[in-house]
Every structure is written in C-alpha cells, then in structure tokens.
Amino acid sequence: MERHAVLITAAGSSTRMGNSVKKEYLFLGNTSVLEQCLRTFESTGLFDWFVITIPPGGVSKARQVLALWLQDPGHHQHTLFVEGASNRQGSVRNGLQALSPYEPSTVLIHDGARPWVNPQTILRVFEGTQKYGACAPVVPLVDSLKRLHPDGTIAEHVDRSAFVGIQTPQGFRFPEIYEAHLLAATDGKEYLDDTEIYHRYIGNVHTVEGDRANRKITYWEDIHMANQAGGGKQRINRIGFGYDLHRLVEQRTLWVGGVAIPSPKGEEGHSDGDVLIHAIIDALLGAISCGDIGSHFPPSDPAYKDISSRILLQKAVSLIQSAGWKVINLDCTVVLETPKLLPYREKICQTLATDLQISPSQISVKGKTKEKQDAVGKQEAIEAYAVALLESVGVPSLNHSFTDQQKE
Ligand code: MG
C-alpha cells in the first residue's frame, strides 16, 4: 500500500522589535497556526505521516503547542518532530531524512506559516504529484512587475503574464526529492525552494492553480484580521457540559468539589469519587472537544486508584491552558438527598477556585434533592451537572511585520 507524508516547516524564528516570535505557534481563534495546517492536511484523509521541522531544542515547546493534536493516539504515533538546521533547505533535508525509513511514496512540503491552505489546493497538488512526480500551486501576479536599477529607478517593464507567484504545499515523489536534496547539500548553492532543487536534479515541476487565500503570515494584521473574521470579535468563547453519578456506599468519604463532607456514606469510585469535580472536568474537556475524564484518566490505570480528584482537575486545567483557553465561569448543580450542601458551599467554591486558578465569584454551586425519588432520592447515589464557559487567549494586534530569521 502506498503511504504519503506531509512535511511542515516550522524551524525558523521570527523577530518583532527584538522579541522572538514564532508565527506558527500564534493562535488563530481556537487553534495555533501550526495545528490549523495539520488539521487541514488531515481532513483530506490522504496522509499517513506528519513531519514537523522545529527549532533545535524546541521539541517540548512544540509538543505543548500541539497538546490537543497529540491527545489523539493516532496523531501521537504518526507525528514526527525533527530539529531543523541553520537554513530552510537544511531543515527540509533533516525532515526528509527522518521520513526515509518509513518509505513514503509522496511527500507534500508546506510552510508552517500558511494556515489558510484549503483541502482543494492540497488535493490538486497531490494529484499533480501522483501524475507528474512534482507539483506546486501557483497564483497569477496581481501587481505589475518591474525590474529595478540599484538606485531604485525602473530598469525594465516586465510582461507579468509569463510570471506567477508560487505557494506551498509543493508535492514530490519522495525518493526523488530526497535524492535531489542530498545532492543539493553537496553543491554549495542555497536554493530558493524545493521546486528549484527538484528542477535542478530531477526534472520538470508541474503547476496547478493555487489559492490567493493561501497566503503566508507576514504581518500581525494577518493574525488579527483572521481572529476578527467570523463575528467581529477577537476572542472566541466555547461552552462545555459535564455530568456524573456515583453510587453512595458505607466506609467511603463523601467528597464534593474537593471538600470532605461528614456523611455516613461516600462515593464509590476508582478515584476518591468526587462527583462534582468529575462533572467539571468533563465540562472543561468538552468545551475544547478534547475527550472526557475517562479518556484522560482511565479507571484501568492503577496510578489513579484513590487519587484526589483535585489532582485530576489541576491536570485538566493545565491542559486547557496549554491549548490556549481560560475559564470565564462555571455553573454547577449537585443532586444529593442528604446531608445539606449549603453549609459547605463557600468552601467548595474556594477550593475549586484554587484549582481552576480563577476567583470564587466565577463559580456557582447549587444543591438539589431528588424529592426521595429514584436512586438519588433513596440516598443510594449522588449526581452532579456542570456547565463551563471558556475564552480563547487573545493575540497581539500590533502594527508590525515579522522579520524572518530563517527564510521559509
Ligand atoms: Mg466519576
């Protein structure tokens, strides 16, 4: 069976007013620029391997930025992080080298700072590559083209109709582009892009229609405008819902929101059974579409036996933070026949606020009984419901362009 790979270049760094910024790690709405690239390629269903070139020493940072992507075990196994070299050409070569043991038949090489690539462009490039061996998307030049003298005066009025702008992804038969890169590494020349290397050593590069929206992030406005699109708001909110029920048994402590409540019975459970915290964790994970408490903290894992649910909550909070979200507010209902929750409510809110790193005023916890109906009404079980509102972390909107340290 033929296998295909994507190589995304994100090994360069950019500067803005002396500060190092990685465009690929900035947020576009609810995902990073880099993750948006990955998800668009994945949506085509064509690719088995995702290789990302990153700055030397940057693996843990890249993993943090792609925490949500890597939560999927399939992604985790098929995403390779490869440290880049001092220039783009060397970084791509490192990426191809890392891919070579997997023997893909095709590789599409894409700039990590082009998050607006669409699946149709990817498909056109892929098909062109299958057919011709090498293929890249191009767009007509909009502005008239002039060649200048060194003093800035116009030397030549060029007929732009014979020229195009080239974009990525650029697709190649893997063995050919790998061979071409190895040869290019020894000839002392620094090439403009991968099509030039292929053209020099292998042969002609086919072109297909590109997409003007598939531009490269160059200005802060590119990010800012993208975040304004779709609602006119820079920040994006998401809502999550969680529910849990535990049986109540003797010889167990009744934990609600991290507070031990005096009661003849407590929750049965693999962990401490804190039903409210479990509902809250599901609400948080649900808000960012990132699985549920069972997928992150499986009951089959002995590490979670009798663990305080507060530790699980703290882990869930750090996950949503690393994915670029913060909690705006939380509203919860605990359904319990007895004892009454009211005397503990303030302490519960304070405890939850500590773990959620927000103010108690952002948390509401309400108590209900089941009017002696059902298992909860018969004091055999306890239920909790939680709704959480999250907000994406804002991005800068300053009027400055990026200066690429490594030409991408
Ligand atoms: Mg539970």
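Read the figures in this text as sums done on the coordinates, not as results from a lab. Source: prediction; values computed, not measured. Because the Cβ atoms are built from the backbone with ideal geometry, glycine has one as well, and the counts that use them run over all protein chains shown.
Quick notes on this structure:
- Counting DSSP beta bridges with both ends in the chain, the antiparallel % (nearest 5): 65
- Restraint check, 305/326; 23/315; 265/372; 23/189; 340/368, Cα-Cα greater than 18 Å: 305/326; 23/315; 23/189
- Per-residue packing, averaged as other Cβ atoms within 10 Å, sorts the ranges 308-316, 237-245 into the order 308-316, 237-245, beginning with the highest.
- Residue-averaged [θ]222 nm for the chain, counting only DSSP H segments that reach four residues, each worth -39500 (n - 2.57): -9000 deg cm²/dmol
- With R₀ fixed at 35 Å, the C-beta to C-beta distance from residue 102 to residue 260 puts the FRET efficiency at about 0.10.
- Potential extension, residue 192-residue 247 segment - 0.36 nm per residue separation minus Cα distance: 13.3 nm
- Protection proxy ranking, highest mean first, for peptides 97-105, 274-282: 274-282, 97-105, where packing is the per-residue count of other beta-carbon atoms within 10 Å, averaged.
- Region 237-392: translational diffusion in µm²/s, Stokes-Einstein, Kirkwood Rh over Cα pairs, 25 °C, 0.890 mPa s: 160
- Seen against the Cα atoms of the chain and their longest principal axis, helix 119-132 is set at about 40 degrees.
- Sites residue 368 and residue 393 - FRET efficiency at Förster radius 41 Å, r taken between beta-carbons, to 0.05: 0.75
- Model label zone, residue 328; criterion: amide N under 14 Å from point 7 Å along Cα-to-beta-carbon; scope region 261-290: 287-288
- Debye log10 I(q)/I(0) for region 4-229, one point scatterer per Cα, at q = 0.11, 0.12, 0.17 Å⁻¹: -0.56, -0.67, -1.31
- Net charge contributed by nearby residues that have their C-beta within less than 11 Å of residue 387 (K/R +1, D/E -1): -2
- Per-q log10 I(q)/I(0), the chain, q = 0.08, 0.12, 0.13, 0.14 Å⁻¹ (Debye; single scatterer per alpha-carbon; no solvent): -0.56, -0.96, -1.06, -1.16
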